[in-house]
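Q: Let me begin by handing over the structure; questions about it come next.
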Amino acid sequence: MIQLTVNGFEVQVPEGSTILEAAKAAEIKIPTLCKHPDLPPTAACGLCVVKVEGMPDLVRACSTPAQPGMQVETHDPEIVNVRRTLLELILSAHPNECLTCGRHGACELQELAKDFGIREEHFPSLRRELPRDDSTGCITLDPRKCIKCGRCLEMCQEQQDVWALSFMERGLNTRIAPAGDISLAESPCVHCGQCSAHCPVGAILEFDQTEAVWEALRDPTRHCVAQIAPSVRVSLGEAFGYEPGANLAGQLYHALRRMGFDTVFDTNFGADVTIMEEASELAERIRSAPEKLPLITTCCPSWVDFMEKFHADMIDHFSTCKSPHAILGTLTKTYYAEKEGIDPDSIFMVSIMPCTAKKYEITREASMYASGGQDVDISLTTRELTRMIRQTGIALENLNCLELPDSPLGEYSGAGVIFGVSGGVMESALRSAHYFLTGEDRAELEFEELRGLDGIKELTVNLGGHDLRVAVAHGLGHVEQVLERVRQAKLKGEPMPYDFIEVMACPGGCIGGGGQSWNVSNAVREQRAAGLLKEDRVQEVRTSYANPWIQQLYRDFLGEPLSEKARHLLHTRYQPRPEYLR
Amino acid sequence: MSTITPLKDRDALSTWAADLKTERASGAPVVIRVSMGTCGIAAKTTPVLEALQSEIRSQQKESQIEIVQTGCMGLCHSEPTIEVYDRQTQQSIFYGNVKPEQAPTLIREESSQAFGVDVLTQNWYRPEETDADVETAQARIVLRNTGRIDPESIADYVGTQGYAALANVVTTMQPDEVTQTMIDAGLRGRGGGGFPTGVKWQFAAKQPAGEKYVICNADEGDPGAFMDRAVLEGDPHAVLEAMAISGFAIGAAQGVVYIRAEYPLAIERLELAIQQARDCGLLGTNILGSGFDFDIELKYGAGAFVCGEETALIHSIEGLRGEPIFKPPFPAVEGLWEKPTIVNNVETLANICAIMRRGAKWFRQIGTEKCPGTKVFALAGKVKRVGLVEVPMGTTLRDIIFGVGQGIANDRAFKAVQTGGPSGGCLKTEDLDTPIDYESLRALGSMMGSGGMIVMDEDDCMVNIAKYFLEFTLDESCGRCTPCRIGNKRLHEMLVKVCSGRADMRTLEKLRQLSDTIKDTSLCGLGQTSPNPVLSTLRQFRREYLDHVMNHKCTAGVCSALVRYDINERCVGCTLCARNCPVSCITGAPKEHHEIDQERCIKCGVCQQACKFHAVDKH
């Protein structure tokens, strides 16, 4: 620990802390637009400048290490004035269109402009007209609004290892775009949306599709069905003043019904089906096709896209099972439509997802039309649903927290819930795989080693005499290491290092998804994860195979897991894709 | 020339050097050196060279006269330049502005003075070879061989003690002794920062053994500075040898020269030099049997000014966007490919062999106590003798401008001198007697920079000069941090306002305040120093700013918006001005008084130049 003073207050911080962290320890907030709590400093915006006794110039708090005995001054009138000047400079090169911006009211720049009481423009406008990029249909890139903080680049390049985005040109003309000035759709972008989740302003947003949903809801001939992903329920509340991790499942079902949805299902049920198929796949490969191990999970569309672009040699190892919401979409337009006697073509299926990539997934391959039409019509992000709820004037706190989803695709097990957090798919699959391999329930259902925010988590589990070596990776930047071990073993003809690998593109899994509520950080991710793990613990049924509604689905409709019908409806195919289309 | 064979050990190198000396002694008694740097070639030296060669043939003087193509002699004011050197008397005559048709005379006269050709005074000495000369302001350590040897011949380099320092270092010294010698010598980084080179080496040397890198920063970007190019084109082996020595000192086996792609001749000569050094066993594995391995590769820069900043430079080598990052960690701890790396600029490196040959004590005799050694300046602007000059640290600006540069051209009065390139500042007559080093220049609000020195006379508008330098920074800002990216644009807007007479006193106040903010809050050296030209002119030439703002007047007559052309009573109505005006804004019947339409006039001044009766006034 080192000791220093900030504005006269003594603080102790661990060695290696920055001045910004030391100030935070003294409960002093230094403004910054570029520094994100979890990411290394880019030192771009300059707003965090402070004075340090004995140093001739102002220094950046975000990137200057705290030293023992340092005397830091963070908010004297001179510093505040410098910050105001910098803020005015940033604003003068930023479009003046807050009212029509997707970040209005939740923008970090707007907040600071408000705090600094900036009422007039001291510098003439330098706004530059640049085209918007909606090419992916998942995220919207508006380079005019970019303040060059570099957070999205840190996510896209270093954390996610995708390198779709980069800074182009230099000086005042610096702008964000895929290298080579191609569109995002032509770039290696895997639609994870982490750029949008970390952007402090409205330069990168989710591609808004709420209008298409409103249109379907207004159409009396459509039977509108909604499903909510596990992680949405623990994040959506943040926009309405709830703590991260507050589970609002009941309020959400209720709200969706109030908005006009005819039926509300839960993606958790889809997750249970995924587990039935994927755990069976695992058991099958262990028994009869060990050369196809390790099995790699595919619930995450961003990861699927990443793999098809960068690791196509691993396609054989991929679980062919579709993701939970895709499965639920197919089942709604087949099983449910059949059961209720509804014309599948009249069903309008909306997925509420933590994710921007799900927008891409619903049309990515022929198997996404297994029901005969498009299985999921629209995939919305948490943030889009937030806006729809606001438009409806619904006050979440007045809604019924005990509201339940509709049958037969609504009742879920605890295993379905934890799909939303890194390690959850693995944990749920292990619970069921144990049963499929041994025919017995497993006593110990929780795998503490697979939880938490470490980028790579490993464990060896004994399942009915098989020592199963599993790995969980989240954040695409961590995948390379795991896959490289597999690749090396293959090359050298050595035994495989793993039998089963779970990958989620976003840090923390879906709770940290690119379409979740703003202001994500590791602290927030942990709270959201805790919310889901808590719900699993209180569920009566905690394994997918024991869910009576799952049993009914297989008995009445699908037959066995991996049956021909299940394979046709619930499984998909992969193909190598080029990184660049141009 | 001797054939190149790998040298086994130190003795083999000494033997070769001795052989070369004997060979030289029995060679042609007269040597004509022709300045064939990029600048010389651009000034049409090639036809001169060809004329000299063919004249030697036709006068059958092949055995008497040897022609050597050298790098730049630094005498830009009189290119093409040649030096006629007599081996017996060891005397030289320098000729400037040589024309091909003067070749017969020059060859005929050999080492006696050829009449009708401009003779230039040589005003430098080489501290390594002769003692200080009170008459000559210049002392050439860095430029010792530049303009003297054939840069494309390793034999020429070895013949002037080349690679002797490396041989001595790798066979008789320990790495920490080398570093200590550098610390004792007190050499400071010539790229502009002035950080002690030995201390930088020591940081890197102290890092745990393993992969380390030595980088030569040859991304010379200051407008008007070209000393690094001159060294690379004129004496490439000196840089390679120094890199190998620094590699030995810090424990690096790989060196990289980061050179801008706009220097094709320097690249060509460096590539050749690297190949020659490898063929001779002076680069590669087990150099001179010492067990020390070292090799060098070239990386080309795309000409971004900011890539002269070491962290941006390293990014660029790694294939990333050339952007500076926050230090620490310093490159000496975590540099290229995250390995300990030292980055030294060309001029710094060009000092190292001399220090190793003659020792730290010798080096400290030159220059000042805090800044031993010399500094090369690219003297440009309104001075009579523009060119490359190398003077001991502590020389006064007056000695450089009025001594070496022989004062202001065209009988105008000296107004200011700008040092440090776009990051530097302007100095006035009062500052001329300051002995220059890093600290004294900084104290005057300017800086050493890489050594650009632009002299200005009364016809230069200081506001316009500040605007010019800011335009450069504006183009070259990487765009990463707010103050530099947007702030400099704002400064430029304000200067445009001043130059066009639209500014008020508040503009000047805002100009100063914003300059201070940019200086205080920019991330790297480029941004931190970018307002210097503004701040220093504001301070030193406030009168001129006030003239622009209060009186709407540009005394130097440079800012076109504040200039007005009028036709006086001397006009005879010859119509010459009207016929020459590019925008046809002058009216008047022949033999009658003419008028300029002020609304349409673009203030180009053509009418004034055209008028034969002094009838056009500029005010």
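Q: Quote the convex hull volume per residue of segment A:211-570, based on C-alpha atoms, as a whole number of Å³.
A: Working: hull volume 43.7 nm³, N = 360.
Taking only Cα atoms, segment A:211-570 has a hull volume of 121 Å³ per residue.
Q: Work out the length of the dipole vector of segment B:49-122 about its Cα centre, built from +1 on the beta-carbon of each Lys and Arg and -1 on the beta-carbon of each Asp and Glu, and round it to the nearest 20 debye.
A: On the way: 5 positive and 11 negative charges, 14 e Å.
Charge dipole, segment B:49-122, about its Cα centre: 60 debye, nearest 20.
Q: What does the average come to when, for each residue of peptide A:61-69, you count the partner chain Cβ atoms lying within 10 Å of its Cβ?
A: Mean shielding by partner chains, rounded to a whole number: 1.
Q: Using the Cβ atoms and a cut-off under 13 Å, what net charge is assigned to the surroundings of A:Phe436, where Lys and Arg are +1 and Asp and Glu are -1?
A: -3
Q: Which of the lysines could be linked to B:Lys467 by a straight reach, that is with a Cα gap under 22 Å, when you skip same-chain ones fewer than 8 residues away?
A: Filter leaves B:Lys382, B:Lys415, B:Lys428, B:Lys489, B:Lys497, B:Lys510, B:Lys519, B:Lys553, B:Lys603.
Q: Same structure, new question: Take each of the peptides A:257-264, B:327-334, A:442-449, A:141-148, average the number of other beta-carbon atoms within 10 Å over its residues, and list them starting from the highest. The partial results should precede the final answer.
A: Numbers: A:257-264: 18.8, B:327-334: 17.0, A:442-449: 13.6, A:141-148: 22.5.
Going from most to least packed, we get A:141-148, A:257-264, B:327-334, A:442-449.
Q: On the first, second and third principal axes, largest extent first, how far apart are the outermost C-alpha atoms of segment B:1-114 in Å?
A: 47, 29, 23
Q: Let me ask another. For a quick size check, give me the Cα extents of segment B:462-550 along its three principal axes, largest first, whole Å.
A: Taking max minus min along each principal axis of the Cα atoms, segment B:462-550 gives 36, 20, 19 Å.
Q: Could you state the orientation-averaged shadow area of the convex hull built on the Cα atoms of segment B:154-363, in nm² to one decimal?
A: Taking a quarter of the hull surface, the average projection is 10.5 nm².
Q: Please sort B:605-612, A:275-282, A:200-207, A:331-338 by packing, taking for each peptide the average over its residues of neighbouring beta carbons within 10 angstrom, highest first.
A: Packing order, densest peptide first, comes out as A:275-282, A:200-207, A:331-338, B:605-612.
Q: Let me have the relative contact order for chain A, percent, based on Cα pairs under 8 Å that are six or more residues apart.
A: On the way: 1175 pairs, mean separation 93.2, N = 582.
Contact order relative to length: 16 percent.
Q: Roughly how many debye, to the nearest 20, is the charge dipole of the protein assembly as shown about its Cα centre, given +1 on each Lys and Arg Cβ, -1 on each Asp and Glu Cβ, and no other charges?
A: Roughly 2660 debye for the protein assembly as shown.
Q: Restricting to DSSP H runs of at least four residues, report the calculated mean residue ellipticity at 222 nm for the protein assembly as shown, -39500 (n - 2.57) per run over all residues, nearest 500 deg cm²/dmol.
A: That comes out to -10000 deg cm²/dmol.
Q: Which ordering of A:His466, A:His317, A:His325 is given by a fewest-first count of other beta-carbon atoms within 10 Å?
A: So the ranking, lowest neighbour count to highest, is A:His466, A:His317, A:His325.
Q: Shifting gears a bit: Compare the Cα positions of B:Ala167, B:Tyr213, B:Leu270 along the charge dipole of segment B:154-363 (+1 at Cβ of Lys, Arg; -1 at Cβ of Asp, Glu; about the Cα centre) and return the one farthest towards the positive end.
A: Selected residue: B:Ala167.
Q: Check each of the GluC sites (Glu not before Pro) in segment B:209-299 and keep only those in coil by DSSP with at most 14 other C-beta atoms within 10 angstrom; list them in order.
A: B:Glu211
Q: On to the next question. Pull out a ≥ b ≥ c, the square roots of the eigenvalues of the alpha-carbon gyration tensor of segment B:284-404, then state rounded if a/c is under 1.5, prolate if not and a/b is larger than b/c, and oblate in the remaining case.
A: Because a/c hits 1.5 or more and a/b fails to exceed b/c, segment B:284-404 counts as oblate.
Q: Which of A:Leu248, A:Ala212, A:Thr263 sits closest to the plus end of the dipole of segment A:206-264, meaning its Cα is farthest towards the positive end, when Lys and Arg get +1 and Asp and Glu get -1 on the C-beta?
A: A:Thr263
Q: Which percent of the Cα-Cα distances in segment A:330-404 go past 16 Å? It would help to have the intermediate numbers written out before the result.
A: Details: 1699 of 2775 pairs.
Everything past 16 Å amounts to 61 percent.
Q: Test of understanding: express the Cα radius of gyration of segment A:427-582 as a ratio to 2.2 N^0.38 Å, with N the residue count.
A: Cα-based Rg divided by the globular estimate yields 1.21.
Q: Per residue of A:42-50, what is the mean number of Cβ atoms on other protein chains within 10 angstrom of that residue's Cβ?
A: 5
Q: In terms of Cα to Cα distance under 21 Å, which lysines are near enough to A:Lys565, apart from those fewer than 8 places away along the same chain?
A: Within reach: A:Lys322, A:Lys333, A:Lys339.
Q: While we're on this one: Give the calculated FRET efficiency between A:Ser407 and A:Thr210 to the nearest 0.05, with a Förster radius of 25 Å applied to their Cβ-Cβ distance.
A: Numbers: r = 27 Å, r/R0 = 1.10.
It comes to 0.35.
Q: Would you kindly work out the equivalent ellipsoid of chain B from its C-alpha gyration tensor and give its semi-axes, the square roots of five times the eigenvalues, largest first in whole Å?
A: One finds semi-axes of 46, 33, 20 Å for chain B.
Q: Another question, then. Suppose each label sits 7 Å from its Cα in the direction of the beta carbon; what would the B:Ser92-B:Glu211 distance come out to in nanometres?
A: 4.4
Q: Further, regarding this structure: Dividing the alpha-carbon radius of gyration of segment B:374-457 by 2.2 N^0.38 Å (N being the number of residues), what value is obtained? Please report the intermediate quantities before stating the final value.
A: Values: Rg = 11.1 Å, N = 84, 2.2 N^0.38 = 11.8 Å.
The reported ratio for this selection is 0.94.
Q: If a paramagnetic tag sat 7 Å from the Cα of B:Asn551 along the Cα-Cβ line, which residues of segment B:585-619 would have the backbone N under 18 Å from that point?
A: Those under the cut-off are B:618-619.
Q: Using Cα atoms only, what is the angle between the long axis of helix A:522-538 and the major principal axis of chain A, expressed in degrees (0 to 90) to the nearest 10?
A: Result, in degrees: 30.
Q: What is the Cα coordinate range of segment A:2-75 on the first, second and third principal axes, sorted by size from largest, in whole angstrom?
A: Answer, in whole Å and largest first: 27, 26, 18 Å.
Q: Shifting gears a bit: Which is farthest toward the positive dipole end of segment B:462-550 among B:Leu526, B:Leu514, B:Ala466, measuring Cα position about the Cα centre, with Cβ charges +1 (Lys, Arg) and -1 (Asp, Glu)?
A: Final value for the positive-end residue is B:Leu514.
Q: In debye to the nearest 20, how big a dipole does segment B:374-457 give about its Cα centre with +1 on each Lys and Arg Cβ and -1 on each Asp and Glu Cβ?
A: The calculation lands at about 260 debye.
Q: Whole percent per 5 Å bin, from 0 to the bin with the longest distance: what is P(r) over all C-alpha pairs of segment B:526-619?
A: Pairs per bin, as whole percents: 2, 13, 20, 17, 12, 9, 9, 7, 5, 3, 1, 0.
Q: Using just the Cα positions, wrap segment A:91-206 in a convex hull and report its mean projected area in square nanometres, one decimal place.
A: 7.2
Q: Give me the one-decimal nm value for the distance between modelled label points at B:Thr121 and A:Asn400, 7 Å along each residue's Cα-to-Cβ direction.
A: 10.5
Q: Give the calculated FRET efficiency between A:His466 and B:Lys327 to the nearest 0.05, with a Förster radius of 60 Å applied to their Cβ-Cβ distance.
A: Calculated transfer efficiency: 0.70.
Q: Expected output is a single nm value to one decimal: the length gained when fully extending between A:Val538 and A:Glu78, i.e. 0.36 nm times separation in residues minus the C-alpha distance. What is it? If you can, show how the numbers build up before the last one.
A: Details: separation 460, 0.36 × 460 = 165.60 nm, distance 5.49 nm.
Computed gain between A:Val538 and A:Glu78 is 160.1 nm.
Q: Send over the per residue convex hull volume for the protein assembly as shown, Cα only, as a whole number of Å³.
A: Each residue corresponds to 224 Å³ of Cα convex hull volume.
Q: Based on Cα positions only, what radius of gyration and what Dmax would you give for segment B:564-618, in angstroms?
A: Taking only Cα atoms of segment B:564-618, I get Rg and Dmax of 9.5, 25 Å.
Q: Run the simple label-point estimate for B:Gln161 and A:Glu291 please: 7 Å along Cα→C-beta, distance reported in nm.
A: 7.2
Q: Starting with the highest mean, order A:420-430, B:411-421 by the number of other Cβ atoms within 10 Å, averaged over the residues of each peptide.
A: Peptide ranking by packing, descending: A:420-430, B:411-421.
Q: Sticking with this structure for a sec: Express the Stokes-Einstein translational diffusion coefficient of segment B:66-138 in µm² s⁻¹, to the nearest whole number, given a Kirkwood radius over alpha-carbon pairs, 10 °C and a viscosity of 1.306 mPa s.
A: In µm²/s, the coefficient rounds to 118.
Q: Work out, step by step, the length gained on full extension between A:Gln67 and A:His568: first 0.36 nm times the residue separation, then minus their alpha carbon distance; give nm to one decimal.
A: My answer for the length gained is 174.1 nm.
Q: Averaged across the residues of B:512-523, what count of C-beta atoms belonging to other chains lies within 10 Å of each residue's C-beta?
A: 5
Read the figures in this text as sums done on the coordinates, not as results from a lab. Small disclaimer: the values here were computed from a predicted structure and weren't measured. As a convention, Cβ positions derive from the backbone with ideal geometry for all residues, glycine included, and neighbour counts pool all protein chains shown.
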